[in-house]
Amino acid sequence: MQLHLAVFVSGRGSNFLAILDAIANGKLSAKIAVLISDRSEAGALHIAQQAGVATEVLACREEEKYEHTLRLVLQHRAVNFIVLAGYLRKIPAAIIRAYRGRIINIHPALLPSFGGKGMYGLRVHQAVLDYGCKVSGATVHFVEEEYDTGAPIMQRCVPVRDNDTAETLAARVLQVEHQVLPEALQLFAEERVQVEERRVRIL
Ligand code: GRF
């Protein structure tokens with residue numbers, strides 16, 4: 001499948017950069033059709049501009065207009081696959097339905113633990129430390145209507161160290177995020193992802 005990606009971001013965009021790098025290094029066969037941000041100050045926008053990737057800032061608060069504009073952008077850019085990489089706003093249900101099986105997210109913990117509404121950024125890692133977990137990691141998963149509930153596609157672990165802070169754990173998890181997200185996308189590019197209910201098999 002020739003991936004025509006829309007990458008959605010709200011912040012610094014290190015996962016977006018990992019996707020760009022994987023494409024540049026020949027590890028990922030995909031084209032980034034557009035970077036979409038809900039925040040005009042997102043660092044990812046600068047990365048996109050430098051890389052010559054088209055950008056759209058969708059900051060409107062009104063839900064109907066938000067959904068309508070999103071649809072137009074996705075159609076106009078011929079997007080056939082959506083990646084949420086640190087996108088904090090909820091995707092309208094109609095768009096999730098239209099892209100079901102072709103919309104994925106990266107979460108900085110091992111789902112189904114430490115996910116759901118409000119679980120983002122350092123809060124996730126602090127919760128992992130507060131629980132006393134010995135491992136954490138990253139999950140690439142399908143996006144469903146409820147936050148962080150879609151089937152996992154790839155998960156990779158990192159150890160939790162005795163002297164970790166939320167920041168040091170976040171940095172360790174981020175390194176594996178940058179590996180698994182492009183790897184997962186490449187599996188879609190190679191049409192090696194088979195889904196049976198919640199079980200995702202890699203062919
Ligand atoms: C990452 O930790 C990702 O897992 C989460 O949001 C963060 C985004 O970081 N969903 P970045 O903008 O890709 O650097």
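Every number here is computed from the coordinates shown, using simple stated rules; none is lab data. Please read all numbers here as calculations on a predicted model, not as lab measurements. FYI the Cβ positions are ideal-geometry reconstructions off the backbone, even for glycines, and counts take in every protein chain you see.
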Within region 160-203, the residues that are in contact (Cβ under 8 Å) with a residue 12 or more places away in the chain and β-branched (V, I, T) are V160, T165, V173, V176, V180, V193, V195, V200, I202
Which residue pairs have Cβ atoms under 8 Å apart, sit 6 or more places apart or on different chains, and have a first residue in region 47-63 that is closer than 10 Å to V34 by Cα and a second that is polar (S, T, N, Q) and part of a helix (DSSP H, G or I)?
T55/Q49
Is there a residue in region 42-53 that is closer than 22 Å to Q175 by Cα and of a type in the set (V, I, T)?
yes
Filter pass, R123 being within 13 Å of the ligand (Cβ to nearest atom) and surrounded by fewer than 17 Cβ atoms within 10 Å (Cβ to Cβ):
yes
Please work out which one of (1) within 14 Å of the ligand (Cβ to nearest atom); (2) under 30 Å from Q194 (Cβ atoms); (3) among the charged types (D, E, K, R) is the condition R12 fails and give its number.
(2)
Of all residues in region 145-172 being away from the ligand (no atom under 16 Å from the Cβ) and under 21 Å from the mean Cα position of the chain (by Cα), which is surrounded by the most Cβ atoms within 10 Å (Cβ to Cβ)?
A151
